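Q: Could you have a look at this structure, given as structure tokens, before my questions?
The values are calculated or read from the model by the stated rules, or taken from the named source; none is laboratory data. Source: prediction; values computed, not measured. Cβ atoms come from the backbone with ideal geometry, glycine included; neighbour counts cover every protein chain shown.
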Amino acid sequence: MAEQIEILIDADACPVKDETYKVAIRHKVPVTLVSNSFLRVPQHPLIKHLTVSDGFDAADDKIVDLSHASCVVVTADILLADRALKVGAIVLGPNGKPFTENSIGGAIATRAIMADLRAGGDQLGGSAPFSKADRSRYLSALDEALNRLKRAQP
């Protein structure tokens with residue numbers, strides 16, 4: 001029997017929670033938000049929140065534990081994306097760009113290079129500000145991912 005389609009959100013700093021709720025409700029797909037602290041979430045039967053300890057990687061570990069091939073994981077965390085891909089999940093960044101088996105290695109390498117540069121004292125610019133185009137790309141990518149999962153269901 002196929003696992004239920006669902007959305008898992010790395011929720012502490014996710015800028016697209018409201019957009020996710022709208023798409024999930026339209027598709028009748030449950031959403032689980034995982035965070036290290038309390039979050040206010042809508043009272044809806046498809047939306048639930050899990051608060052985990054503030055231990056290192058506690059939220060990531062919980063998301064990976066819950067992940068499966070019929071879920072979409074929403075995260076900007078490259079190492080969590082890698083772990084979720086390894087269990088077969090579809091992984092989207094909040095900007096709508098998918099993490100894939102083909103792209104994750106490069107993303108991890110870039111992350112490591114940037115960490116080394118920062119450790120060496122280099123002043124680096126941060127990420128680009130979150131834009132309307134990112135939000136629109138995310139909505140489209142999430143809708144597409146859910147439709148793909150629905151088509152794959154027996």
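Q: Right, residue 140: surrounded by fewer than 14 Cβ atoms within 10 Å (Cβ to Cβ), over 14 Å from the mean Cα position of the chain (by Cα) and modelled with pLDDT of 95 or more or not?
A: Details: surrounded by fewer than 14 Cβ atoms within 10 Å (Cβ to Cβ): yes; over 14 Å from the mean Cα position of the chain (by Cα): yes; modelled with pLDDT of 95 or more: yes.
So residue 140 fits the description; yes.
Q: Now, a different point. For the subset of segment 54-92 comprising residues that are under 13 Å from residue 32 (Cα atoms) and assigned to a strand (DSSP E or B), which member is nearest to the chain's Cα centre (by Cα)?
A: 74
Q: Hey, another quick one. From 3, 19, which residue is of a type in the set (D, E, K, R), farther than 19 Å from residue 139 by Cβ and touching a residue at least 60 places away in the same chain (Cβ under 8 Å)?
A: Working: 19 fails: farther than 19 Å from residue 139 by Cβ.
It is 3.
Q: Does segment 135-154 hold any residues that are in contact with a Gly (Cβ under 9 Å, 6 or more places away or on another chain) and not basic (Lys, Arg), and which are they? So that I can check it myself, show each step before the final result.
A: Initially, segment 135-154 is screened for residues in contact with a Gly (Cβ under 9 Å, 6 or more places away or on another chain), giving 135-142.
Correct list: 136, 138, 139, 140, 141, 142.
Q: Additional query: Restricting attention to segment 96-137, and to residues there that are part of a helix (DSSP H, G or I) and β-branched (Val, Ile, Thr), which single residue is modelled with the highest pLDDT? Step through it out loud before you land on a result.
A: First, pick out the residues of segment 96-137 that are part of a helix (DSSP H, G or I): 101-119, 132-137.
Imposing the further condition that a residue be β-branched (Val, Ile, Thr) reduces the set to 104, 108, 110, 113.
Working: 104: 63, 108: 55, 110: 58, 113: 56.
Step by step, filter segment 96-137, then rank; the result is 104.
Q: I've got another one for you. If you check every pair at least six apart or on different chains, which have Cβ atoms under 7 Å apart with a residue in segment 62-85 that is in contact (Cβ under 8 Å) with a residue 60 or more places away in the chain first and a residue that is charged (D, E, K, R) and in a helix (DSSP H, G or I) second?
A: Short answer, once both residue conditions are applied: 77/60; 80/60.
Q: Would you confirm whether or not segment 33-40 contains a residue that is under 25 Å from residue 154 (Cα atoms) and either touching a helix residue (DSSP H, G or I) at 6+ places or on another chain (Cβ under 9 Å) or buried (at least 16 other Cβ atoms within 10 Å of the Cβ) (or both)? Show your work before the answer.
A: Keep residues of segment 33-40 that are under 25 Å from residue 154 (Cα atoms), which gives none.
No, there is no match, as no residue in segment 33-40 is under 25 Å from residue 154 (Cα atoms) and either touching a helix residue (DSSP H, G or I) at 6+ places or on another chain (Cβ under 9 Å) or buried (at least 16 other Cβ atoms within 10 Å of the Cβ) (or both).
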